[in-house]
Amino acid sequence: MTREEFEYPIPYGEAEEMLTHALGVIEKTRYEIEFQGAYWEIDVITGAYLGLVTAEIELADPDDEPSMPPWLGPEITGNPLCSNRGLALEAGRPG
């Protein structure tokens with residue numbers, strides 16, 4: 001699955017403004033791990049989703065087939081409940 005992603009520095013004032021419109025927040029620490037020449041981004045979630053860990057890889061070409069680390073769990077790509085947006089919206093709902 002592919003999707004557009006924009007990564008660039010956000011000025012502090014604009015980041016504060018964006019947060020005023022956030023419907024929920026995900027608390028996580030990101031780690032980068034190399035496995036057989038590919039770099040995986042591992043997010044360790046805390047807060048409302050304590051214990052959830054996700055792994056993501058960015059491919060140069062959608063047809064790339066990197067080696068899958070043995071510690072990977074089930075595929076969640078495309079599951080809207082597991083997306084950052086889905087998690088943030090659910091975390092922002094009153095309990």
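Since every read-out is calculated from the coordinates, none of them should be taken as a lab result. Keep in mind the model is a prediction, meaning the values are calculated, not measured. As a convention, Cβ positions derive from the backbone with ideal geometry for all residues, glycine included, and neighbour counts pool all protein chains shown.
Some observations on this one:
- From phi via Karplus (6.51, -1.76, 1.60), per-residue ³J(HN,Hα) for region 74-82 in Hz, x at Gly/Pro: x, 6, 10, 4, x, 7, x, 6, 9
- Ratio Rg/Rh, restricted to region 39-87 and using Cα atoms, in which Rh is the Kirkwood radius: 0.98
- Spin-label model, R85 to E27: label points 7 Å out along the Cα-to-beta-carbon direction sit 2.5 nm apart.
- Long-range tail of P(r) for the chain (Cα pairs > 16 Å, %): 66
- The loop-placed GluC sites (Glu not before Pro) in region 1-86, going by DSSP, that have at most 13 neighbouring Cβ atoms within 10 Å of their Cβ come out as E4, E5, E7, E58, E75.
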